[in-house]
Amino acid sequence: MAEAVKQPLPVLVIGGSMVFLSYLITGIGLGSVYAIIALGYSMVYGIAKMLNFAHGDVIMIGAYVAFFALSRYNLPAVAAVLLAIAVCTTLGVLIERLAYKPLRQATSLSVLITAIGVSYFLQNMAQLLWSSSPKIFSSIVGNRSLTLFDGKMSIAYINILTIITCIVIMIVLTLFINNTKIGRAMRACSEDKDAAKLMGINVNKTISITFAIGSGLAAIASVLLCSTYPSVYPTLGSMPGIKAFTAAVFGGIGSIPGAFVGGLLLGIIENLSKAYISTQLSDAIVFAVLIIVLLIKPTGILGKKVNEKV
Amino acid sequence: MLEIKDLSVSYGMIEAVKGVNITIKDGEICTLIGANGAGKTTIMHTISGLLTPKSGQIFLDGEDLLKMDSEEIVKRGVIQVPEGRRIFQKMSVYENILLGAYQRKDSYDDEFEYIYSLFPILKERTSQLAGTLSGGEQQMLAIARALMAKPKIMLLDEPSMGLAPLLVRNIFDIIKTINSTGTTIFLVEQNASMALAIANHAYVMETGRIALEGSGEELSASEKVQKLYLGG
């Protein structure tokens with residue numbers, strides 16, 4: 001996060017309530033990125049019942065792919081994003097096949113440790129391939145801002161793009177999960193894998209699809225994140241990864257609207273804390289709020305518990 | 001139609017099923033009764049491909065089911081209504097029914113009509129979350145869900161569990177109705193009297209082995225069964 005903190009806030013502000021509004025919008029922008037990443041954690045947790053701690057590092061790989069596509073090969077932004085999505089989706093499915101699938105019957109602790117191992121593997125691989133010195137990412141929408149209220153307030157275009165992207169993803173994904181056959185299969189696997197098998201659902205395939213979707217979203221998040229905080233380095237994914245994981249727990253892990261609400265709240269709380277309380281303390285405040293929420297509602301804001309009837 | 005040959009299944013060191021032979025004929029109701037922990041559910045899970053046995057064979061019309069995964073087994077029309085119903089509680093009644101037809105590529109409108117005629121209550125509750133149904137309604141949903149797959153053979157694991165006597169009778173009548181349309185039934189039960197009353201053929205299982213075998217009437221009349229399972 002140290003890297004992110006050093007960056008100037010992408011909103012220029014003049015005037016009291018306008019200042020608050022600007023901080024709020026920047027917070028929503030940051031929160032939207034957390035929400036998109038949180039989806040990956042939440043869906044994988046919901047269906048495979050595991051915490052994929054390598055998810056943050058998939059973001060990092062996506063960032064490098066987009067960086068090379070944009071800066072070295074001068075591809076258009078859309079092509080760079082699509083390429084990053086393709087690479088991350090493949091990587092996500094590959095990680096699941098090679099590292100997690102053989103451990104389907106193992107204890108959750110073994111899977112967790114494996115995930116941490118995959119995370120370090122990806123970070124070290126990036127360091128070896130691309131060195132640890134940060135690369136400067138050029139924003140896909142430039143550094144322009146939208147000016148409002150006779151110049152009293154300006155919002156960076158990347159913020160607007162991030163928020164819109166997040167909303168579109170949430171809507172499309174919710175429709176997909178609720179209304180398609182694959183979506184139904186995913187929810188069935190999430191609830192009871194053996195019962196899903198008895199329906200003829202291929203549980204392994206369903207888990208692969210979940211990893212593919214989560215990793216594809218990580219690629220989108222990486223481009224949005226690096227367009228806001230423009231440096232690419234091997235441990236880039238760790239902090240946003242942990243924050244997004246927190247957001248997922250905050251909103252209720254396993255729930256898609258939960259990831260959305262959790263991500264947004266986390267981004268807003270973090271940004272307002274930075275603005276009004278203390279930059280150094282902002283993370284502590286975020287986690288303090290998380291602890292309070294979990295004390296009051298252990299399943300997270302939108303997490304549900306269905307009692308079993310015998 | 002379904003032939004289980006010398007089946008042994010273990011959980012680690014514990015052998016739950018020890019060399020079991022069961023033959024289920026086309027169109028009949030075959031029942032397997034026995035006390036809790038006798039290994040009945042283990043056999044059911046093995047047929048559906050949820051468990052891999054230590055040894056033995058399971059044939060469906062000559063095809064070896066043990067070479068297939070659960071998805072393939074469902075495609076062959078071997079459909080299980082599992083113990084404890086295992087309906088998807090967080091999904092609607094309608095979605096549960098749809099999931100039953102997951103492997104179907106053809107139209108299943110007829111099955112919809114059929115299950116709503118068998119269980120009119122489910123039609124009233126299509127949009128309700130399945131977890132909010134009563135125990136009896138959940139059992140009906142579990143059976144309806146299985147019927148959507150157009151089963152050749154339906155495996156029912158303790159459908160009477162936890163239900164009031166009147167509902168048990170109701171469920172058994174429905175099992176008979178389903179059987180009368182040509183679906184073979186393999187019924188696992190602890191409620192021996194009800195199961196034996198509708199079964200063409202029956203097996204009694206004790207600690208992993210088949211102890212007795214015969215027609216439903218024969219076993220109902222057997223002194224041993226009366227003493228151990230029918231409270232006589």
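Listing for the model above:
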{"quantity": "Checklist (1) more than 14 Å from chain B (Cβ to nearest Cβ); (2) open to solvent by 10 Å² or more (accessible area, probe 1.4 Å); (3) within 14 Å of the chain's Cα centre (by Cα) applied to A:T228, failing item", "calculated": "(3)"}
{"quantity": "Matching residues in region B:73-85 - criterion: being at the interface with chain A (Cβ under 7 Å from one of its Cβ atoms) and either under 11 Å from the mean Cα position of the chain (by Cα) or buried (at least 20 other Cβ atoms within 10 Å of the Cβ) (or both)", "calculated": "B:V74, B:Q80, B:P82"}
{"quantity": "Checklist (1) of a type in the set (A, V, I, L, M, F, W, C); (2) surrounded by fewer than 17 Cβ atoms within 10 Å (Cβ to Cβ); (3) within 11 Å of chain A (Cβ to nearest Cβ) applied to B:M91, failing item", "calculated": "(2)"}
{"quantity": "B:G100 vs. criteria touching a strand residue (DSSP E or B) at 6+ places or on another chain (Cβ under 9 Å), within 30 Å of B:R125 (Cβ to Cβ) and buried (at least 18 other Cβ atoms within 10 Å of the Cβ)", "calculated": "yes"}
{"quantity": "Any hit, region A:274-288, residues being among the small types (G, A, S) and over 23 Å from A:F53 (Cβ atoms)", "calculated": "yes"}
{"quantity": "Checking A:I207 against (1) open to solvent by less than 10 Å² (accessible area, probe 1.4 Å); (2) farther than 21 Å from A:V93 by Cβ, the condition it does not meet", "calculated": "(2)"}
{"quantity": "Total residues in region A:125-163, condition in a helix (DSSP H, G or I) and surrounded by 13 or more Cβ atoms within 10 Å (Cβ to Cβ)", "calculated": "11"}
{"quantity": "Flag if B:D26 is farther than 21 Å from B:V9 by Cα and more than 10 Å from chain A (Cβ to nearest Cβ)", "calculated": "yes"}
{"quantity": "Hey, B:Q128 over 29 Å from B:F59 (Cβ atoms) and within 20 Å of the chain's Cα centre (by Cα) or not", "calculated": "no"}
{"quantity": "Yes/no for B:K152 being open to solvent by 60 Å² or more (accessible area, probe 1.4 Å), away from chain A (no Cβ under 12 Å) and at pLDDT 95 or above", "calculated": "yes"}
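The values are calculated or read from the model by the stated rules, or taken from the named source; none is laboratory data. If you're wondering where the values come from, they're calculated on a predicted model, not measured in any experiment. Please note: Cβ atoms are built from the backbone with ideal geometry, for glycine as well, and neighbour counts cover all protein chains shown. Only protein heavy atoms, including side chains, enter the accessible area calculation; ligands, DNA and RNA are left aside. Shrake-Rupley method; radii C 1.70, N 1.55, O 1.52, S 1.80 Å.
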